[in-house]
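The values are calculated or read from the model by the stated rules, or taken from the named source; none is laboratory data. Computed from a prediction, not measured in an experiment: that's the story for all the values here. Cβ coordinates were reconstructed from backbone atoms using ideal geometry, including for glycine residues, and neighbour counts include every protein chain displayed. Only protein heavy atoms, including side chains, enter the accessible area calculation; ligands, DNA and RNA are left aside. Shrake-Rupley method; radii C 1.70, N 1.55, O 1.52, S 1.80 Å.
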Amino acid sequence: MGRKSTKENKNIYQEYREECGFTRDKASELLEFISADRIEKIESEKSVPHPDEVLAMSKCYGHHELCNFYCSHECPIGQEYVPEVSIKDFSHIVLEMLATLNSLNKDKDRLIEISADGQVTEDEYEDFFTIQEKLNQISLTADAMQVWVQNTLKDIRTK
């Protein structure tokens, strides 16, 4: 039986493994293709995990936000293009989504005006970028909802 870690600054991979009550040996057994030594290297940040390892850990540990964490913090492409999703409760996600949609609904006519001629002119830039930010917010909120749904389904399946 493995010992309980006393390390104070645990990374997200170690936190979620321990939250499940798994030792590295038990996690390795469940993950099948990741050795306990490899898990230790990932958790001690001696090695960056591979995408397939993160995907397996996210499923095994029931924390699908591990994939977003990996993409937004450790993958060179993801660091450039994938924003970090904030984990929130369901009501917060819904209210944030509705507030952004309501706000964007007011900008719908302006977006139609901007796009009608097929180009964004200098005098339209400010409005266009404001609308683009709102669209990005909707995308982030949709991603947060997706993570919430995946984690909730995990909870339902384990009952």
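A few comments on the model shown:
- Leading residue by the ranking (nearest to LYS134 (Cα to Cα)) among those in the stretch 86-96 that are surrounded by 16 or more Cβ atoms within 10 Å (Cβ to Cβ) and at pLDDT 85 or above: GLU96
- Residue among VAL48, VAL82 that alone is within 25 Å of ASN9 (Cβ to Cβ), open to solvent by less than 90 Å² (accessible area, probe 1.4 Å), among the aliphatic types (A, V, I, L, M) and in contact (Cβ under 8 Å) with a residue 24 or more places away in the chain: VAL48
One line per residue, one yes/no per condition, for (1) at pLDDT below 90; (2) open to solvent by less than 30 Å² (accessible area, probe 1.4 Å); (3) within 30 Å of TYR16 (Cα to Cα); (4) of a type outside the set (Gly, Ala, Ser):
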site: GLU53; (1), (2), (3), (4): no, yes, yes, yes
site: PHE69; (1), (2), (3), (4): no, no, yes, yes
site: GLY78; (1), (2), (3), (4): no, yes, yes, no
site: LYS106; (1), (2), (3), (4): yes, no, no, yes
site: ILE112; (1), (2), (3), (4): no, no, no, yes
site: PHE128; (1), (2), (3), (4): no, no, no, yes
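- Restricting attention to the stretch 7-41, the residues that are basic (Lys, Arg) and not in a helix (DSSP H, G or I) add up to 2.
- Among the residues making up the stretch 21-32, those that are within 11 Å of MET57 (Cα to Cα) and either surrounded by fewer than 17 Cβ atoms within 10 Å (Cβ to Cβ) or not small (Gly, Ala, Ser) (or both) are LEU30, LEU31, GLU32.
- Residues satisfying the stated conditions in the stretch 83-127, i.e. closer than 28 Å to SER72 by Cα, small (Gly, Ala, Ser) and part of a loop (DSSP other than H, G, I, E, B): SER86
- Residue list for the stretch 53-66, filter: in contact (Cβ under 8 Å) with a residue 12 or more places away in the chain and either in a helix (DSSP H, G or I) or of a type in the set (Phe, Trp, Tyr) (or both): GLU53, VAL54, LEU55, ALA56, MET57, CYS60, TYR61, GLU65, LEU66
- Condition check for LYS10: open to solvent by 80 Å² or more (accessible area, probe 1.4 Å) and not acidic (Asp, Glu): no
This table checks each residue for (1) more than 30 Å from GLU65 (Cβ to Cβ); (2) touching a strand residue (DSSP E or B) at 6+ places or on another chain (Cβ under 8 Å); (3) not hydrophobic (A, V, I, L, M, F, W, C).
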| site | (1), (2), (3) |
| --- | --- |
| VAL82 | no, no, no |
| ASN105 | no, no, yes |
| ALA116 | yes, no, no |
| LYS134 | no, no, yes |
| GLN146 | no, no, yes |
